[in-house]
Amino acid sequence: QQIQEDLNKQLLDNLVSFLSRSHSAFQEKTTEWTCRMKFREIPTAALVLGVNVTDHDLTFRGLSDVLQDNITPYIALLEAKDCPGIKNLMQKLMGQLMNCDIDVDSLEDEDCVQVSQNRIRCSMSSLISWYESLTKKTDSETPSKKRNSSSRHWQSPPVVVIFKDMESFTTKVLQDFIIISSQHIHELPLVLIFGIATSPMIIHRLLPHSVSSLLCIELFQSLSCKEHLSTIIDKLLLTSRFPFKLGEKVLQVLINIFLYHDFSVQNFIKGFQLCIVEHFYSQPLSVLCCQPVDVKKRVYSLSHDQCENIRRLSSFRRYVEKQESGKQIALLTSDSFLKEETEKLLEDLHVYHENYVSILRCLHVFTSSLPKYPLGKQIRELHCACLENRVWETEEYESSLQLARMLNKTDLVTMLQQCVEILMSSSGKEFDKTVEKLKEFLTQFQNLEAEASQERDVSVSSQKELQKKTDLYHLQKTLLELKESRRSKKLTKFEMLRFEVVDYIDSLVRKYLVPADDRTLHEIVYFNAATVLRGHLNAAPRTALHTALNNPHWYLKNQALKCDGGGISNKAPDICIVYKLHLECGRLINLVDWLEAFATVVMAAEEPNADAASSDQVDDIIHARFIRAVSELELLGFIKPSKQKTDHVARLTWGGC
């Protein structure tokens, strides 16, 4: 929440500035406001928030809080679903405005309470009368009360109307409201804010020119949802502050849902929270997923069963296999020795995370400035590549190194300076020598500049000598010598230094960006159950319906509903019986035969000889139950009435789930 508030701060500040300009013009009745009033223009902010509609509520909530704290208590948030007509819009608008918390002192007045209780006709004139009565009451207050109220809100504060989803509003409603409001703009300081998910052009598509010309529109653009996500990942995942980590496949599932479904940062965070819950619920050793200061206390409080769980971890078994025989026996038999070793391994894992994040940022400094972005432009793409496998063994990494070996001096120096800043701000203790080495590279680049200026002077003098040789033979001889020298040309000092810098960065990558799966006890802090997460987040409604109707025991956990061999239990809900019978039919289902089969199953326990019963003996209650179950199946979309035969229904679903 703090990150999202920081990201929206600039946008909210701009909106507050816009409102302050609009309000001051009304307050002082300046020439600008007079001209605007003459043309009946309403100050309007077009707020482009992007297609991630589920994130808009948080932005509007933050905007409403900022405005209420600093500018005005009169804020109405309108949604299209609540405003099908202009009458509904006015009711919603006045209902929200008149229930506003104006001021602590004002709430104690009986008149204010009576206004909120009285039944007032929903019209613009009623709204203006209500606003004027409140502002006059504020003006007539004692100076001390007036100072207290003005400390939070302005005198004659504006009325802000926020249309949260402008695209969903009907054209008629918007037109009528804007035309009515423009006729009273000289009496009511109204400010409109349009929440737009697509493009600002939607204003001109929804409103004709005669209506849009009544708006004085200023455009505001929120931060891109992709940039928002990158910041969230950078602050939440790529940090050593939080011990819990996401595995590569799990992170890829969350990113894919974000990119290909809804662009919602809120849903990404909900998925992240679900991963936390699932990890601490399903992993017995998640108690050790904690801050380094708590590791020792928790490790030495482990029970024997928890020690056995550590020994069963695949990464720990690989670690044991690499040890000498004496240590292997101690790790597998002695719990106390195992706890000591576990404490060291968890501390090493924390140090690995600190170093990993710092070197990943340094690598991103290099790869993000390369053309074509072989390893991706965003740091989240690079992070996924490093988690998936040894990144230095991939073709994308090799092509990145080749491109890095062609960078110019200015870019290299800038990158090295950024890497020095990253490593100096890192909490890792192993980077002192690395920082010294990078500073040494920077010094060498500075020394090259002085040498390069001397070489330029020498080359100029050689060109002058070449121009003096006007004889054709000597000229050709000199040119051939130059050509041969270029063929057998050795690397310059700059090129050698550039190769040395890239090779050094490569060595850091190979040392610190080892995949997390290669680290011992990574299962304790990393959540890797991508299949479980996908099952929770990727809805499969048809599969869930089929499971519920075909095997109700799966959800209800009632042993009476459990039946083996594909049989049909008469204890099952009616819709389950009807559904399983319909699976045995073809394209068209005879309702009479279906009813008889249903009655046979239902009456099996009550009447042993029910198999011989004819359709005339079917009880009315069973008939009614059958009709209701068939109607429910039709509602779910499994069947539909058939036009070919009146006593048949057509089946709509085929194949297994």
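The values are calculated or read from the model by the stated rules, or taken from the named source; none is laboratory data. From a predicted model like this one, the values you see are computed outputs, not experimental measurements. Here the Cβ positions follow ideal geometry from the backbone for every residue, glycine too, while neighbour counts run over all protein chains shown. All accessible areas refer to the heavy atoms of the entire protein, side chains included, with ligands and DNA or RNA removed. Shrake-Rupley method; radii C 1.70, N 1.55, O 1.52, S 1.80 Å.
Among the residues of the range 335-355, is any open to solvent by 30 Å² or more (accessible area, probe 1.4 Å), assigned to a helix (DSSP H, G or I) and touching a Ser or Thr at 6+ places or on another chain (Cβ under 6 Å)?
yes
Among the residues of the range 240-256, is any farther than 21 Å from I524 by Cα, free of Cβ contacts under 8 Å to residues at least 24 places away in the same chain, assigned by the TED database to the domain that holds D517 and assigned to a helix (DSSP H, G or I)?
There is at least one residue in the range 240-256 that is farther than 21 Å from I524 by Cα, free of Cβ contacts under 8 Å to residues at least 24 places away in the same chain, assigned by the TED database to the domain that holds D517 and assigned to a helix (DSSP H, G or I).
In the range 257-282, which residues are touching a Cys at 6+ places or on another chain (Cβ under 9 Å) and open to solvent by 40 Å² or more (accessible area, probe 1.4 Å)?
Selection gives F263, F280.
Could you pull out the residue among S325, S303 that is over 17 Å from E347 (Cβ atoms), open to solvent by less than 60 Å² (accessible area, probe 1.4 Å) and in the same structural domain as R241 (by the TED database)?
Criteria check complete, one pass: S303.
With the structure loaded, tell me whether F244 is in contact with a Cys (Cβ under 6 Å, 6 or more places away or on another chain), open to solvent by 10 Å² or more (accessible area, probe 1.4 Å) and modelled with pLDDT of 90 or more or whether it fails that test.
It is true that F244 is in contact with a Cys (Cβ under 6 Å, 6 or more places away or on another chain), open to solvent by 10 Å² or more (accessible area, probe 1.4 Å) and modelled with pLDDT of 90 or more.
Pairs needed: first member in the range 299-317, within 12 Å of L338 (Cα to Cα); second member anywhere, in a loop (DSSP other than H, G, I, E, B); C-beta distance under 7 Å; at least 6 residues apart or different chains.
F316/T520; F316/L521
If you take the residues in the range 79-93 that are surrounded by fewer than 22 Cβ atoms within 10 Å (Cβ to Cβ) and in contact with a helix residue (DSSP H, G or I) (Cβ under 6 Å, 6 or more places away or on another chain), which one is farthest from I3 (Cα to Cα)?
Among them, the one singled out is I86.
Hey, can you tell me all the residues within the range 536-585 that are open to solvent by 60 Å² or more (accessible area, probe 1.4 Å), without any contact (Cβ under 8 Å) to a residue 40 or more places away in the chain and either aromatic (F, W, Y) or part of a helix (DSSP H, G or I) (or both)?
P541, W554, Y555, L556, Q559
Only one of (1) open to solvent by 40 Å² or more (accessible area, probe 1.4 Å); (2) part of a helix (DSSP H, G or I) is not met by L360, so which one is it?
With (1) open to solvent by 40 Å² or more (accessible area, probe 1.4 Å); (2) part of a helix (DSSP H, G or I) applied to L360, the lone miss is (1).
Looking at the range 375-387, I want the residues that are closer than 22 Å to F527 by Cα and have a partner that is open to solvent by less than 20 Å² (accessible area, probe 1.4 Å) and hydroxyl-bearing (S, T, Y) with Cβ atoms under 7 Å, at least 6 apart or on another chain. Which pairs are those?
Final answer for the pair search is I379/S230; R380/S230; L382/T367.
Determine which single condition L254 fails, assuming it passes every other condition in (1) at pLDDT below 90; (2) among the hydrophobic types (A, V, I, L, M, F, W, C); (3) in contact with a Gly (Cβ under 8 Å, 6 or more places away or on another chain).
Condition not satisfied by L254: (1).
Select from the range 366-402 the residues that are open to solvent by less than 60 Å² (accessible area, probe 1.4 Å) and either touching a strand residue (DSSP E or B) at 6+ places or on another chain (Cβ under 7 Å) or at positive phi (or both) and list them in ascending order.
G376
For residues that are open to solvent by 10 Å² or more (accessible area, probe 1.4 Å), more than 22 Å from R61 (Cα to Cα) and not acidic (D, E), tally how many sit in the range 166-211.
17
Does Q418 satisfy being open to solvent by 20 Å² or more (accessible area, probe 1.4 Å) and touching a residue at least 40 places away in the same chain (Cβ under 8 Å)?
So Q418 passes the test.
Quick check on my filter: what residues within the range 308-330 are of a type in the set (V, I, T) and touching a helix residue (DSSP H, G or I) at 6+ places or on another chain (Cβ under 8 Å)?
I310, V320
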